[in-house]
Amino acid sequence: MNEIYKKPILSGRFTLEDAERITKVRLLEENPALSWELSDANRATRQAATAVGESADIATFLRERARIAEKMLVAKNPQIDTEPLTLTPPWWLTAGLAGVAFFAGLLTDQFSATGSRINLLSLPFFGILLWNILVYAMLFFSSLRYGEKRDFLGLRRFFEFLEKRITTKSFRNPKNLATLMDPLAGHYAARAFHLAALCFVLGMIASVLLRGIGTAYTVGWESTWFAESPEIVYQIIALVYGICTNFLGPMPNILDVANMRFDRLAINGYEASASLWLMRMIVMLAIFVVIPRGLLALKHTFQIARIRKRFPLDLENRYFSNIMRTWRSEAMSLDLVVPDSVQSKNLLESAYRFAENLGFDFKEIKTHNWSIEDGDAPLTLEKNGQSQQVWVLFNATATPEQEVQGVALQALKEKLSKTPIILMVDLATYLARFGDFNDRIESRKELWRDFANELALPVIFYHSGLQPDDQTCDELKLAAAQAL
C-alpha cells in the first residue's frame, strides 16, 4: 500500500511524557504473552483517527491512539501493570555520585595540608586544577570532532550504560529502550560528572574552612626538585596563585618566597597569613572548577529540559510505519470480487479478517458478485483511483484456465487500469481433500502461480479456516505495492 494522502501531515511535538506513554503501549502491543491481535491495533488506530479528525498532526494522533490502545489492552488483560514507563535515569544515581564526590572532597583537605602545614606546591591541588583544565580542553576538541557526542576516557559512556541498565532492567526488549534513552542519557551522564566534580571541590573547600576554625595553619613550600631554585618556585606561585587573586592582596616577592621554605620558616621567623593563601586557593578552585562546572551542569540541565519538551521519537521503525499506514489508509477502499463459482461463506469472512488486519475500515469494503462466464467485469465495480484495491477470491479446488478465468481477469484489468488487483486463493477445501499429499498441494500452487504470472498479477495463498497470520499479511502488502 503506497502513500495515499497528497497533503503532507505535520509531525507535531512529542513531550517526554508522550514518548513514555506511546512507548509503554508499544511494549505492551509487542508482548506476545498478552491478548492483543492486529485487528485490535487497527481498531484503536481507527478510533483515534475519528477522535482527532483529519487535520490532526502525527503527535496528536499517536497520543490519542496510545490512550485508546492502553484502555483496550487493560480491558483485555487486567493483569497489566499500570505503572507509567520512565525513560529517564533515577535521580539517586546523580545524587549518589555527587554525594560520594563531596564526601571524598571532605577527606581530601590533605591536598594542601600536612597536619597544620599548607604546602603551596601541593600536588593534589595542582592536580585538581590541571585535571579540570585538561577535561575542558578535551571537551572542546571532542566537540569539534564528534559534534554533540562528547566523552572523556569513556567515563560518560560507562555511566550511560549504568543508567540504562538500572532504568530498563524490569522491561522486555531493554536494548530498544536503551536506544530510545540515548538523547537523554548522555546529558544526564554529563551533568552528573560535572556536578560530581563541583561537589568534590566544594567538599575540599568546606573541609579546609571547617578545620581552620580550630587549626592554626602554617603556609610554606617544600620541594625536592626546586629546593635550591626559589626563582622557579616564585614563578609557579605567581602563575598559579597570583594571576586571578591580585584583588586579595599583593603577592610575595622572590625573597619572601625563598624564606617561605618550611625548613627556613622557624629560623627566619617569617610568617605568611594562612587565611590569605587559603582564600587564594578557594578563589582558584572557584574560577577553574566551581564556576565552569556549574555552568556546564546548567547547560546540560537546559538541554534536558529542551529534549523533555521536544523528544525525538523515531517514527521510521516498523511499529509506527504500520500504524501510520493504517491511519493514512482510512480513505482507501477495498473491493472484494467473488466469482459465482465460489460459494464458501468462510472464504469471504476470512478475506474481511485479512482486510481488518491490514487496516481497512469495514465501511470502505465492498463485495461484488462476478459471473466469470460472461467475461465482463462486475457492473457494480467502479474505478475509484489508485487508492482502491481489488481482491479476487478463488478456491484452490478450481482449475484456472486462460480461456475462462484468464479472459475475465484481463477484462477486469483493462477496466481498472492501474488499480492493484490481487488473486486470493483459498487452500482450505483443497487441503481438506489432499492434505496428506504435499506434492499435489505444491503442484496446485504452481498451477495457480503460472496462471497469475501469465496475467502479470500477484497471487496470495491462504487458509480461510485459520486466523490471519503476519506472513500472509506482509505478502498482501508487498503484492499491493508490486501490483501498482
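Any read-out appearing in this document is the output of simple, stated calculations on the displayed coordinates, not a laboratory observation. None of these values were measured; they are calculated from a predicted model. For neighbour counting, all protein chains shown are included, and Cβ atoms are generated from backbone atoms with ideal geometry for every residue, glycine included.
Below, the figures for the structure above:
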read-out: Difference of contour (0.36 nm per residue) and Cα-Cα distance, Asp374 to Leu466; value: 29.9 nm
read-out: Theoretical ellipticity at 222 nm over the chain - DSSP helices of four or more residues, -39500 (n - 2.57) apiece, nearest 500; value: -18000 deg cm²/dmol
read-out: DSSP-loop trypsin sites (Lys or Arg not before Pro) across segment 387-449, with at most 12 other Cβ within 10 angstrom; value: Lys418
read-out: Calculated FRET value between Ala238 and Leu144, using beta carbons and R₀ = 25 Å, to 0.05; value: 0.15
read-out: Contour minus Cα-Cα distance for Ala411 and Leu130 (0.36 nm per residue); value: 92.8 nm
read-out: Dipole of the chain, positive end: most advanced residue of Phe102, Met72, Asn119 [Cβ charges, Cα centre]; value: Asn119
read-out: Cα-centre dipole for segment 383-484 with unit charges at Cβ (Lys and Arg positive, Asp and Glu negative), debye to 20; value: 420
read-out: Potential lengthening between Met251 and Leu315 on full extension [0.36 nm per residue; Cα-Cα distance subtracted]; value: 16.8 nm
read-out: R0 of 41 Å, Cβ-Cβ distance Thr15-Ala206: FRET efficiency to nearest 0.05; value: 0.60
read-out: Kyte-Doolittle at least 0.5, axis length at least 30 Å by Cα - qualifying DSSP helices, the chain; value: 123-146, 174-214
read-out: Rounded Å value of the spacing that divides the Cα centres of segment 435-472 and segment 200-254; value: 88
read-out: Restraint check, Lys415/Lys477; Lys164/Lys309; Lys363/Lys477; Lys24/Lys164; Lys71/Lys366; Lys24/Lys309, Cα-Cα greater than 25 Å; value: Lys71/Lys366
read-out: Solvent-free Debye scattering, log10 I(q)/I(0), computed from the Cα coordinates of segment 386-484 at q = 0.25 Å⁻¹; value: -1.44
read-out: Listed residue (Ala479, Gln467, Gln410) projecting farthest to the positive dipole end of segment 401-484, Cβ model; value: Gln410
read-out: Approximate shape of segment 412-469 as ellipsoid semi-axes (Cα gyration tensor, √5λ), whole Å, largest first; value: 25, 14, 7
read-out: Amide H contacts of Thr218 (H built 1.01 Å from N, under 5 Å, at least 5 apart or other chain); value: Arg117, Ile118
read-out: Point-charge dipole on Cβ atoms (K/R +1, D/E -1) for the chain, about Cα centre, debye to 20; value: 1980
read-out: For the chain, with +1 on Lys and Arg beta carbons and -1 on Asp and Glu, the positive-most of Ile372, Ala44, Tyr136 along the dipole; value: Tyr136
